[in-house]
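Notes follow the structure.
The values are calculated or read from the model by the stated rules, or taken from the named source; none is laboratory data. Because the structure is a prediction, the values reported are computed rather than measured. A quick note on method: Cβ atoms are made from the backbone with ideal geometry, for glycine too, and the neighbour counts reach across all protein chains shown.
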Amino acid sequence: MSSVSVVIPCYKYGDYLRACVDSVLDNPGVDVRVLIIDDASPDDSADKARAIAEADPRVEVLVHAENKRHIATYNEGLLEWADGDYTVLLSADDLLTPGALTRAVALLDANPNVGFAYGHPVHFQHPGPPPPARDSGRSTVYNGHWWLERRFREGTGCITSPEVVVRTKLQQQVGGYDPNLPHAADIEMWMRLASHADVGYVRADQAYYRLHAKNMHADAGAIDDLRERKIAYESVLTKCRHLLPDADRLDAMVHQRLARFALRRAFRAYDRGKTAIVPVDELEAFAAEVWPDYRRLTEYRALSVRRRVGARTMPYLQPLVLSAVAAKGREWLWWQSWRRRGI
């Protein structure tokens with residue numbers, strides 16, 4: 001029977017702990033051990049964690065005397081404590097769906113070349129309850145470098161986090177979460193793992209991600225998010241370049257994509273009447289920084305049109321501008337079809 005070490009970091013999330021741990025332990029055919037790490041919570045979270053551990057020998061508790069923050073807490077559990085075949089990092093406010101570990105472990109056991117497996121995360125609004133989980137009974141294995149290129153092409157992560165099960169040997173081989181990336185360390189981690197091994201996808205709802213006012217990423221701003229994503233992608237290229245023969249192409253691909261994201265956020269601020277609160281100039285400066293030829297991008301032309309129209313007028317003219325863009329797109333498609341007919 002394969003074993004899974006589940007690390008549950010907790011800071012003031014004691015009210016969620018019982019449901020979180022129960023969702024982990026309810027996985028038939030898997031040997032599960034749990035470590036709750038309370039990061040010096042000022043409330044009774046540690047007491048609630050100890051009560052859970054006293055009732056089940058599969059659960060251990062570690063309480064920090066001082067707050068170490070989330071990255072150090074993650075790495076402590078993953079690199080110093082976890083010793084199962086596979087490892088899971090699960091926030092105390094999230095849940096696994098019924099049988100999630102059983103499904104992921106089956107995929108990993110059957111495919112030694114797969115470094116980690118993930119599935120679909122279901123987001124639900126606190127106080128819940130979460131919807132019923134779906135399971136197609138199928139799974140897919142992706143070539144790690146193919147999957148990694150998809151991330152560079154799209155410029156975003158496709159994983160929330162609680163739905164991932166990692167092969168412990170690989171986790172400890174590539175190292176822990178990067179403390180220089182407090183909000184994008186997870187994106188960087190999945191890409192780093194994919195540069196070393198293939199990726200498994202369980203076609204099922206694998207975890208519940210709870211949406212509430214205290215979510216850790218809730219305060220990340222648009223420009224900060226883009227800057228941290230930039231650092232995350234560059235970090236992967238620095239650490240794993242020797243494994244990536246197309247590193248230069250990937251580098252260009254993601255930098256252009258991030259420039260597009262920045263410019264899109266800038267011009268949408270005009271559409272929504274939010275130029276007073278969205279840092280439009282900073283977003284353009286970021287685009288120029290990551291892609292010096294940014295003025296050739298269609299998103300920059302869209303921003304230029306909106307600037308000429310003006311921030312006050314643009315929200316009222318947006319339907320006309322979008323109609324004009326759509327008409328131009330139809331004209332382009334017509335011209336391409338005409339050319340294909342031999343003209």
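Structural remarks
- Being within 15 Å of residue 221 (Cα to Cα) and buried (at least 18 other Cβ atoms within 10 Å of the Cβ) holds for only one residue in 259, 269, 287, 276, and it is 269.
- Residue in the range 225-233 that is surrounded by 15 or more Cβ atoms within 10 Å (Cβ to Cβ) and farther than 30 Å from residue 198 by Cβ present: yes
- Residues that are touching a helix residue (DSSP H, G or I) at 6+ places or on another chain (Cβ under 8 Å) and among the β-branched types (Val, Ile, Thr) are absent from the range 98-111.
- If you go through the range 1-28 and pick out every residue that is over 24 Å from residue 129 (Cα atoms) and at pLDDT 95 or above, you end up with 4.
- Residue that is nearest to residue 1 (Cα to Cα), among those in the range 108-129 that are surrounded by 11 or more Cβ atoms within 10 Å (Cβ to Cβ) and touching a His at 6+ places or on another chain (Cβ under 9 Å): 115
- Any chance residue 62 is in the same structural domain as residue 159 (by TED's automatic domain parsing), farther than 22 Å from residue 159 by Cβ and not acidic (Asp, Glu): yes
- Pair list, Cβ under 7 Å, 6 or more apart: the range 224-241 residue without any contact (Cβ under 8 Å) to a residue 40 or more places away in the chain, other residue part of a helix (DSSP H, G or I): 237/247; 237/250; 237/251; 241/247
- Selection count where residues are free of Cβ contacts under 8 Å to residues at least 12 places away in the same chain and not in a loop (DSSP other than H, G, I, E, B), scope the range 107-137: 1
- Being assigned to a helix (DSSP H, G or I) and either buried (at least 19 other Cβ atoms within 10 Å of the Cβ) or not β-branched (Val, Ile, Thr) (or both) holds for only one residue in 54, 60, and it is 54.
- Qualifying residue in the range 152-161 (condition: over 26 Å from residue 83 (Cα atoms) and acidic (Asp, Glu)): yes
- Qualifying residue in the range 195-212 (condition: at pLDDT 95 or above, in a loop (DSSP other than H, G, I, E, B) and closer than 28 Å to residue 75 by Cα): yes
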